[in-house]
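Working notes for the structure below.
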Amino acid sequence: MSTTIPRNQWYVAAYGSEIGNELFARTICDEPILFWRTAQGAVVAHSDRCVHRRFPLSQAPSRLVDDKVVCGYHGFTYGPDGRCVAVPGQTKVPRTARLAPYPVVEVDSLIWVWIGDPALADETRIPRASYLDAPGWTTVRGMEPLAARFSLLVDNLLDLSHETYLHGGYIGTPEVASTPITTEVDDDAGVVYVSRHMDDAECPPFYRESTGLQGRIARWQDIEYTPPCLYKLHSRIAPVGSVPDPDGSDPDAFHVEVVYAITPETEHSTHDFWMVARDFALDDQRVSDFLAENNRTVVLQDVEALDVLERVIASEPAGYQELSINIDTGGLAARRMLARMAGEAPRNAPAAPAR
Ligand code: FES
Ligand SMILES: [Fe+2]
């Protein structure tokens, strides 16, 4: 069960909207990181520890002055590249006085940071979710702190049968738990797919209120998880009997892209970023407010359950044997990929569900 945090990976550190021309700190994978946006609009990320006596540069009275970070303890001053440009009491700045830089990329409204060896950072490996920042889509979002290890959130999101029980009255209906899933693993691309197509299902309040559809629906859930961080649920809601046209267009359906960025804060806590993008009612503030409030409620139901699980796991001796069944196939595949990324397990280690 225990998965340590994979390094040499991209993680979502923040929403672009969170980073302005001021100091912003967040711990990612146990590393305290300082973020800020230059006057030119570029996001920079460095260690949040002054090289002198470790004072956190995010901590007042440290401050940002004209695109330079001034340490609030003795005044070491750093430029956007992390190099120290001034120290007190002498004109010569030690050559090694430089904050450790983090590769950082802003794309799709997300701030991605590379955790690991900066020389290995490859931007082309960042998984994309372009609808979060594209015309034709409207997105609501939030982030909830989770006092549980990130792998518990991965388990949770890969097995949506829990919607029926944990989220009844919001997004859960009987059909979610009763409809079998199909799972596919693309080891080369590093993606786990889990699909559940409900062709005649009750419409939960989450979709009834937002789409206005009455009666029963076709509800498709297609999960695409790119470990370790980005989880996308392609949700298709349509009248019963409606299917996409052969050319891929799908005019009768409502599409909702539910995206999570699963970012470890520490070994036992997680930043639970959630986003809901839709391709309908784009300017309807009532729908935006409803989806934001409803999804946050659903996320907090998961947070409450996972916080309990973390305490249970922390308080019991090692060696508890879980029992897995068919619904866990996607979660088990994700665990194998994460373990491999963390260097714990060989490729294709067996982990079959009990039948
Ligand atoms: S700790 Fe930052 S200048 Fe001394
Ligand atoms: Fe959930």
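No value in this document is a laboratory result; all are computed from the given coordinates. Remember, predicted model here, so these are calculated numbers, not experimental data. Cβ: placed from backbone, ideal geometry, glycine included. Neighbour counts: every protein chain shown.
Observations
- Highest-fluctuation residue, THR266, THR179, THR329 considered, GNM on the chain with Cα pairs under 10 Å: THR179
- Each Lys or Arg adds one and each Asp or Glu takes one away; over the other residues whose Cβ falls under 11 Å from the Cβ of VAL176, this sums to -2.
- Under 13 Å from a label point set 7 Å out along the Cα-to-Cβ vector of ASP284, the amide N atoms of the range 210-243 belong to 210-214.
- Prolate/oblate/rounded label for the range 129-209 (Cα gyration tensor, a/c 1.5): rounded
- Result for the chain in a Gaussian network model with C-alpha springs under 10 Å: among ASP159, ASP122, ASP188, the largest mean-square fluctuation is at ASP188.
- Among GLN90, GLN59, GLN214: highest mean-square fluctuation, GNM of the chain, C-alpha pairs under 10 Å: GLN90
- Using only side-chain charges placed at the Cβ, +1 for Lys and Arg and -1 for Asp and Glu, the dipole size of the chain relative to its Cα centre rounds to 1680 debye.
- FRET efficiency, 1/(1 + (r/R0)^6) with R0 22 Å, evaluated for THR124 and ASP247 via beta carbons: 0.15
- Under Stokes-Einstein, with the Kirkwood radius over Cα pairs as Rh, the value for the chain at 20 °C and 1.002 mPa s is 97 µm²/s.
- Normalised contact order of the chain, rounded percent, pairs of Cα under 8 Å and 6 or more residues apart: 18
- Residues whose amide H falls under 5 Å from that of SER324, counting only those 5 or more places apart or on a different chain, are ALA354, with hydrogens built in the peptide plane.
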